[in-house]
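One structure below.
The values are calculated or read from the model by the stated rules, or taken from the named source; none is laboratory data. As the structure is a computational prediction, the values presented were derived from the model and not from experiment. Reconstructed Cβ throughout: ideal geometry from the backbone, glycine too, with neighbour counts over all protein chains shown. The accessibility values were calculated without ligands, DNA or RNA, using every heavy atom of the protein model including side chains. Shrake-Rupley method; radii C 1.70, N 1.55, O 1.52, S 1.80 Å.
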Amino acid sequence: MRRRERLAAVHDLAHDQWGVVSRAQLLSRGIDRYDVRNELAAGRWRLLGARTVAVQSDLDPRASWWRAVWEAGEAARLDGSSALLAAGLRHWDEALLHVSVPRGSHARRVHGVRLHHVSGLEPASGSGVPRSRPEIAAVRAAQWATTDRQAMTVLVMSVQQRVVAPHRLADAWTQVTRSPRRRLLAEVDDALRDNHLLIAGTLTLRIPVLGLRLRPVEFMDQVETLVRRAQMQKERAV
């Protein structure tokens, strides 16, 4: 393959990666360091790090996702809210990108990236930029959130926008043994139990916002039960 054809193949690849390619990808397509140096010297390409090359002048902001993963090191992937954004989450902004790497692996600090060393890191999910599965990313986004309110918001938005299925998120929560945010899920279960006990004697139900997203059928069944009971009481009183 001639040099011009190799460069055309690189640009095709970059199109799917929002304007960037890795040095490893270049080398696999026959573009060696001398070719890279020539393109850089001519001002057609520019470096975004030790492993990331921009081959287009106007980059999509999402190119930063690829850069974050490549620069962090082997087995790195987007995680937390960053993985949710890559999976389609809208209207969520954070100053830093979240990237996970296996605990014990060598990872480099990357400007604008918060690295998380995770034990038993699961395989990356989906095509495109490497990222954690949505349900796992949502759980970690809640764990890494700065406030409970932020944690609740990212969970609710993820379910509301159908980035993650409620039952998958609930299942992922059950795998968490230690977390400062575990009480958010406990609140949902506690509310369901309390409602079962109180339906007979009160017209007030606890329905957490997160609970309504994660377990809507069960909560709405309780509402239906309470409405029927109230109607029966009203009929007896007439």
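The criterion of being surrounded by 20 or more Cβ atoms within 10 Å (Cβ to Cβ), more than 20 Å from Arg114 (Cβ to Cβ), of a type in the set (A, V, I, L, M) and modelled with pLDDT of 75 or more does not hold for Val188. Test Ala95 against the stated conditions and say whether it is buried (at least 20 other Cβ atoms within 10 Å of the Cβ) and under 28 Å from Val21 (Cβ atoms). So Ala95 does not fit the description; no. Of all residues in the range 132-151, those being free of Cβ contacts under 8 Å to residues at least 60 places away in the same chain, in contact with a strand residue (DSSP E or B) (Cβ under 8 Å, 6 or more places away or on another chain) and basic (Lys, Arg) number 1. Of all residues in the range 44-67, at least one satisfies being open to solvent by less than 20 Å² (accessible area, probe 1.4 Å), in contact (Cβ under 8 Å) with a residue 40 or more places away in the chain, of a type in the set (A, V, I, L, M) and assigned to a loop (DSSP other than H, G, I, E, B).
Scan the range 143-159 and tell me whether some residue there is over 14 Å from Asp79 (Cα atoms), charged (D, E, K, R) and open to solvent by 80 Å² or more (accessible area, probe 1.4 Å). So far as the range 143-159 goes, yes, one or more of its residues are over 14 Å from Asp79 (Cα atoms), charged (D, E, K, R) and open to solvent by 80 Å² or more (accessible area, probe 1.4 Å). Checking each residue in the range 68-91 for being open to solvent by 30 Å² or more (accessible area, probe 1.4 Å) and either within 17 Å of Trp18 (Cβ to Cβ) or in contact with a helix residue (DSSP H, G or I) (Cβ under 9 Å, 6 or more places away or on another chain) (or both) picks out Trp70, Leu85, Ala87, Gly88, Arg90, His91.
Taking the condition of being within 17 Å of Gly49 (Cα to Cα) and open to solvent by 30 Å² or more (accessible area, probe 1.4 Å), how many residues in the range 1-31 meet it? Summing the residues that are within 17 Å of Gly49 (Cα to Cα) and open to solvent by 30 Å² or more (accessible area, probe 1.4 Å) in the range 1-31 gives 5.
In summary, Leu198 fulfils each of the numbered conditions (1) loosely packed, with under 15 Cβ neighbours inside 10 Å; (2) at pLDDT below 65 with the single exception of condition (1). Checked against (1) at pLDDT 95 or above; (2) in a loop (DSSP other than H, G, I, E, B); (3) open to solvent by less than 50 Å² (accessible area, probe 1.4 Å), Ser105 passes all but condition (1).
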